[in-house]
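Below is one structure, written out as structure tokens; the observations come after it.
The values are calculated or read from the model by the stated rules, or taken from the named source; none is laboratory data. Not measured: the values here are computed from a predicted model. Please note: Cβ atoms are built from the backbone with ideal geometry, for glycine as well, and neighbour counts cover all protein chains shown. To get the accessible areas, we keep the full protein, side chains included, count just its heavy atoms, and leave off ligands, DNA and RNA. Shrake-Rupley method; radii C 1.70, N 1.55, O 1.52, S 1.80 Å.
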Amino acid sequence: MQLSLANIRGETITFTDPYLLGAVTGLGLPPVAHASERFAQQDGETLRHIALQRRVLSVPFEILTSSYATMWNTKRDLYGFLSAVKSKYVWTAVLPDGTTRCLDTYYTGELSMPFDPAWGPVVHKDVGQWTAYDPTWYDPTSVLWAFAVGGGAGSFGWETDGLGYDVGWGASEADGTPVSFTYNGTWRAYPAITLHGPMTTPIITNVTTGLVLEFDTGYTIDQGKSVVINLHQGYKTVTHSTAGNIPDKLTDTSDLGTWHISEHPYAVNGVNSIGVAFTGGNPASRVYIRFNTRYLAMVG
């Protein structure tokens, strides 16, 4: 496995010569919290909620150099790289099979530049800690599930990397017939959904989870305009390309806070069936669902 760390300035440190990694912790499953309550005269407790907790990545390492001057230059470069302490750091792990996983973190502490004369002038030992407030690893290559209304005979299907197939819907409307996609992650993904007009009263349903995003009856996205529903945790926004924030255009029964792409076993074998419905479309109408595949552990 090869670990590297990137800062907000686009600089990267790869943990190879002169850096030697020690026993890194925090790469596996994140901590999990259970919320429960006890009622009067109840034995035990009732489990109400289970949630992932932030993870801490602890990275011990040594710097080995050939001279005292080189050691101090390397230290200077390292601590300069780490000076953006209020910004995000992205850890990237490349596994032996070429699989890549990333983790978004913030520097937490340690890295106090300890000094021990016994190490000699060409060895430096240190340890750093980074906190991932979203504790899931992700594939940095995003996935696109895309729907399009075709011209001519009319179809409503999906297209990704030039592939697609007909579902047989009309050229001006989509009737919500679900299309199945396979999600390969081990933790749910919260996508960004982009709707390109024209379309009226769009509805996006994950039939597998039963979660729905539905716009008010008669709400129209004109041709040349778009709406982005950002479902990323901590965001949950609905933005029109010219009208700005429009979360009020979703119905009160929409699942803006919880709509997601589900993983196995909650979606059997990772199969999510997505239905899109609207009227008033034409060949310019598009719905794009884009996300990064997420994993509970670095390996998985």
Computed on Cα atoms, the radius of gyration and Dmax of the chain in angstrom are 24.3, 79
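For an R0 of 22 angstrom, estimate the FRET efficiency from the Cβ-Cβ distance between Ser226 and Thr279 and round to the nearest 0.05. Before the final figure, lay out the partial values.
On the way: r = 17 Å, r/R0 = 0.79.
After rounding to 0.05, the efficiency reads 0.80.
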The lysines whose Cα lies under 21 Å from the Cα of Lys225, excluding any fewer than 8 residues away in the same chain, are Lys236, Lys249
For segment 234-300, what is the convex hull volume of its Cα atoms per residue in Å³?
168
Kirkwood Rh and Cα-based Rg: tell me the resulting Rg over Rh for segment 19-73, rounded to two decimals.
1.43
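Just to verify a number: FRET efficiency for Glu45 and Thr237, C-beta to C-beta distance, R0 = 25 Å, to 0.05?
Working: r = 36 Å, r/R0 = 1.44.
For R0 = 25 Å, the calculated efficiency reads 0.10.
Give me D for segment 184-300 in µm² s⁻¹, whole number, from Stokes-Einstein with Rh from the Kirkwood sum over alpha-carbon pairs, 10 °C and 1.306 mPa s.
Working: Rh = 14.7 Å.
Diffusion coefficient, whole number: 108 µm²/s.
Work out how much length Ser36 to Ala192 would gain on full extension: take 0.36 nm times their residue separation and subtract the Cα-Cα distance, in nm to one decimal.
Working: separation 156, 0.36 × 156 = 56.16 nm, distance 3.19 nm.
Value of the extension gain: 53.0 nm.
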For Lys88, counting only aspartates and glutamates whose alpha-carbon sits under 15 Å away and dropping same-chain residues fewer than eight positions off, the answer is Glu11, Asp104, Asp134
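I'd like the chymotrypsin sites (Phe, Trp or Tyr not before Pro) in segment 180-264 restricted to DSSP loop residues with at most 12 other Cβ atoms within 10 Å, sorted by number. The partial results should precede the final answer.
On the way: sites: Phe181, Tyr183, Trp187, Phe215, Tyr219, Tyr235, Trp259; in loops: Tyr183, Tyr219, Tyr235, Trp259.
Taking segment 180-264 and a limit of 12 other Cβ atoms within 10 Å, the loop chymotrypsin sites (Phe, Trp or Tyr not before Pro) found are Tyr235.
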Of all DSSP beta bridges located in the chain, what percent are antiparallel, nearest 5?
100
Go ahead and estimate [θ] at 222 nm for the chain from helices alone: -39,500 (n - 2.57) per DSSP H run with n ≥ 4, summed, over the residue count, rounded to 500.
-1500 deg cm²/dmol
Would you work out which of Gln41, His264, Pro114 lies farthest towards the positive end of the dipole of the chain, given +1 charges on the beta-carbon of Lys and Arg and -1 on that of Asp and Glu, about the Cα centre?
Pro114
Looking at Leu250, Thr208, Leu64, which one has the Cα that reaches farthest to the positive end of the dipole of the chain (charges on Cβ: Lys, Arg +1; Asp, Glu -1)?
Leu64
Could you bin all the Cα-Cα distances of segment 68-118 into 10 Å bins starting at 0 and give me the percent of pairs in each, rounded to whole numbers?
19, 37, 31, 14, 0
Given the Cα-Cα distance of Ile8 and Trp72 and 0.36 nm per residue of separation, how much length would full extension add, in nm?
20.7 nm
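Could you check how much of the accessible area of the chain is carbon and sulfur, as a whole percent, using a 1.4 Å probe? Display every interim value, and only then the final one.
Values: 7850 of 15000 Å².
Taking all protein chains in place, the chain shows 52 percent carbon and sulfur surface.
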Computed over the chain: longest principal axis from alpha-carbon atoms vs helix 68-81 long axis, angle to nearest 10 degrees, is 30
If you add up the charges near Tyr183, with Lys and Arg at +1 and Asp and Glu at -1, over every other residue whose beta carbon is less than 15 angstrom from its beta carbon, what do you get?
+1
For Thr209, net neighbour charge (Lys/Arg +1, Asp/Glu -1) across residues whose Cβ lies under 15 Å away
-2
